[in-house]
Amino acid sequence: MSLPAVAPHVVADAVAALPNRLLSKLDRAIEKQPTWSVTTSAGGATVTIDDQVTVTLTTPVDTADRATCDCLLAPRCLHRAAVLSAAPVLATHPHQAAAAGPDPGTAQTMVTTQADLPDAAAGSSATAEQHSTATQVRDVAAAILEHGVAGAGAVLQADLLRAIHQARAIGLPRLATAATRVVELLRAARQNVPGFRLADLTEELREVLTVCHLLANGIGDQQAARGANRRGYSPVGDLLLYGLCAEPLRTTTGHVGAVSYLTDGNATVWSLAQARPGDGDAARNAAHASVDLGDTTISHRELGRAGILAVNAHASADRRLSHGRAVQAVRTSGRSWHEEPAAALWRQPIPEQAARWLKTLDLAPHERPAGHDLAFLDGVLTADQRGLLLRAAQLPEPVIVLAPHDDPVLPYVANLRLLAAHATGMPVRMIGRFHGPRRVHGLAVAAPWLPDRFGGHVDLGIDHLQRADLPDAVTVEPSGTDQPQPPLHLLAHHLQRVVAAGRAALVPDVDRDTQALLDAQLPTAASVLRELRRAGHRRSRDAFGRLNQQDSTALAVAWLTAATYHHAATTAATAGSWQFNGGREGNRQQPPEPRRSPSTSNSMMMGGDGAE
């Protein structure tokens, strides 16, 4: 069973109260979490550490007295601090209902939301308190880059949690949300959670340091840097919705569930999601579990094929639907993807769909609208050594179809392999999720040759295709090989190595990769990588022989400069790959390097905190 969520300041205070002799044992105590016995109830949870010690958590765990231990050293004991440090981060106000609606398409799938705190002042500059908090978060993030994941233990996480609490209190929701995600991903990395991706942690650290840089230096759009709190549900009138597809959810925080995508008469995409603590077995069946939409009870798989008339519907600003009892809903007959209103989604040109996705990447994850990254594609299936491909008439090269999850509990991989082996040459209509240059995660497919038992389409993460469901493969001409992309992965490799192992990782291969970037006509990429290595190698000491804190800040500034360039260059290359005219000749050319703005380039490279 999962532990209840704990407010950030409660964890930070518990860790700060430990004597030094226990602080050194905290990470080892947390590693014993699999041996704990957790008993949950409506009022909280009881954690049995061993035969003699139990820790009791009373929900909501938003004050210190709601976490107690029965050992003699409590409350300044190792057991209590370890349990609190292992628990999820409480991201909702204790008296506000958490809004459902996680977005699996982003690195920041959330099952809870931030409280509706008062919005930050609408001034054009950050206050002194906001500047101080941003600097505090930056210093903790710099320490993470200094030591890597292995050195980012419970003590460093507690420092970041204290800064998160302060950021929430003074109205910096964007910074608090990103920093909370960093804590969650650090824990997932240290616990070897199967769904963890180092690229996700790298991206979240880039977001944290970017916001800190804007706030601490008072540059750029300060309102955007502060962000907006996730709002609760509000009335959106009556909606007649038709299901598009459903997919399972699995997060690094130990939650599983499902999300259904629906569309209205204006071809606007809405989502309805449900997630709860669970393991892999629960993920397999989550889409078949019932979800209440008003008085109507329906599974996510059925909802993806049905119609729903919702009276007095409630939704968040990002079009996540509420399934509370205040909504009155009646189930109606669904419509296929080839009928209106769903068919309008496939009439939008693919480059425009890709542009819509890329445009939302600059928004905070909880501000991105439902379905912002969905790709609606028509084409013919084919396959080669890269796996399943989709030849779309609008694109000169095929789209590579990947599995969103490779966990064998979910049928994604098995279904895609069957399609690649026995359905090549067959026309299909597909819903995918944009995942890079001419790459999508396959979510659902529809075709006239699929059996009627699937109800119009196959949800690739829920339904199980059989060999008998597929026609014999048709011989098609080879699809060729992937057109070369700019070697930006060389820069990404070093960015992720610093996140994983700290500054010590900036030793091998930098000169070779710098030369490769120069040979590829990417001089700015080579320059930022060279500066990152210089900052990583520089170590100085103060008058007392202690390592200089400014060196860690300089490393963070150089890392952020390189990460910002990589993000902009990758976005430009991805946008080019989805264009009509991105043919073979165009793909041989390197995309122009992104123009550096004062807020993300020179001011970072020439930071005043010891940066060169």
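The values are calculated or read from the model by the stated rules, or taken from the named source; none is laboratory data. Everything numeric here is computed off the predicted structure, so don't read it as measured data. Neighbour counts are summed over all protein chains in view; Cβ atoms, including those assigned to glycine, are modelled from backbone coordinates with ideal geometry. Keep in mind that these areas ignore ligands, DNA and RNA; they rest on the heavy atoms of the full protein, side chains included. Shrake-Rupley method; radii C 1.70, N 1.55, O 1.52, S 1.80 Å.
Figures for the structure shown
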| item | result |
| --- | --- |
| Per-q log10 I(q)/I(0), the stretch 525-572, q = 0.23 Å⁻¹ (Debye; single scatterer per alpha-carbon; no solvent) | -0.76 |
| Helical segments meeting 18 Å axial Cα length and Kyte-Doolittle 0.5 threshold in the chain (DSSP H) | 198-217 |
| Summed side-chain charge close to LYS359 - residues other than LYS359 whose Cβ falls under 15 Å, Lys, Arg +1, Asp, Glu -1 | -3 |
| Surface per residue (accessible, 1.4 Å probe) for the stretch 407-528, Å² | 41 Å² |
| Ellipticity estimate at 222 nm from DSSP helix runs (n ≥ 4, -39,500 (n - 2.57)) divided over the chain, nearest 500 | -11000 deg cm²/dmol |
| Over the chain, relative contact order from alpha-carbon pairs under 8 Å, at least 6 apart, % | 11 percent |
| Isotropically averaged projected area of the stretch 267-392, using the convex hull of Cα atoms (one quarter of hull area), nm² | 10.2 nm² |
| Other-chain or far-sequence residues with amide H under 5 Å of VAL89's (modelled H) | VAL6 |
| Anisotropy class of the stretch 495-559 from Cα gyration tensor, a/c 1.5 cut | prolate |
| Values of log10 I(q)/I(0), in the order q = 0.09, 0.15, 0.21 Å⁻¹, for the stretch 376-513 under a Debye, Cα-only, solvent-free model | -0.35, -0.77, -1.22 |
| For SER37, net neighbour charge (Lys/Arg +1, Asp/Glu -1) across residues whose Cβ lies under 13 Å away | -1 |
| Pair-distance profile P(r), taking every C-alpha pair of the stretch 161-237, with 10 angstrom steps and integer % | 18, 42, 27, 12, 1 |
| Prolate/oblate/rounded label for the chain (Cα gyration tensor, a/c 1.5) | oblate |
| Per residue accessible area of the stretch 177-294, 1.4 Å probe, in Å² | 34 Å² |
| Sequence of ASP70, ASP139 from largest to smallest accessible area, 1.4 Å probe | ASP70, ASP139 |
| Formal net charge of residues neighbouring GLU204 (Cβ-Cβ distance under 10 Å; K, R +1; D, E -1) | -2 |
| Simple Cβ-charge dipole of the chain, Lys/Arg +1 and Asp/Glu -1, about Cα centre, in debye nearest 20 | 720 debye |
| The stretch 157-198 and the stretch 377-447: distance between their alpha carbon centers, rounded to Å | 34 Å |
| Accessible carbon and sulfur surface of the chain relative to its total accessible area, %, 1.4 Å | 52 percent |
| Radius of gyration and maximum dimension Dmax of the stretch 48-92, Cα, Å | 10.4, 34 |
| Dipole of the stretch 329-412, positive end: most advanced residue of GLN385, SER336, PRO396 [Cβ charges, Cα centre] | SER336 |
